[in-house]
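Below is one structure, written out as structure tokens, with a few remarks after it.
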Amino acid sequence: MQLSIDDLLRELVGRDASDLHIKAGLPPVMRVHGTLIRTDYPALTEELTT
């Protein structure tokens, strides 16, 4: 199963996060209560970030 933006947004809401940072070559990062938290997802591909 491939990661989708819907998966990331569900987790964002579930963690009460305010920001989602996505960049090719890195795992998604969420800002939770002012702190940047790396998710457990693998690094994103160029295809997923464009």
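Read the figures in this text as sums done on the coordinates, not as results from a lab. Note that this is a predicted model, so its numbers are computed, not measured. Every residue, glycine among them, receives a Cβ derived from its backbone with ideal geometry; neighbour counts consider all protein chains shown.
A compact table of results
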read-out: Residues satisfying the stated conditions in segment 24-41, i.e. over 9 Å from the mean Cα position of the chain (by Cα) and either in contact (Cβ under 8 Å) with a residue 24 or more places away in the chain or surrounded by 15 or more Cβ atoms within 10 Å (Cβ to Cβ) (or both); value: A24, R31
read-out: Selection within segment 26-49 - touching a Lys or Arg at 6+ places or on another chain (Cβ under 7 Å) and in a helix (DSSP H, G or I); value: T49
read-out: Selection status of I5, of a type in the set (A, V, I, L, M, F, W, C) and in contact with a helix residue (DSSP H, G or I) (Cβ under 7 Å, 6 or more places away or on another chain); value: no
read-out: Test: residue in segment 2-14 that is surrounded by fewer than 11 Cβ atoms within 10 Å (Cβ to Cβ), at negative phi and in a loop (DSSP other than H, G, I, E, B); value: yes
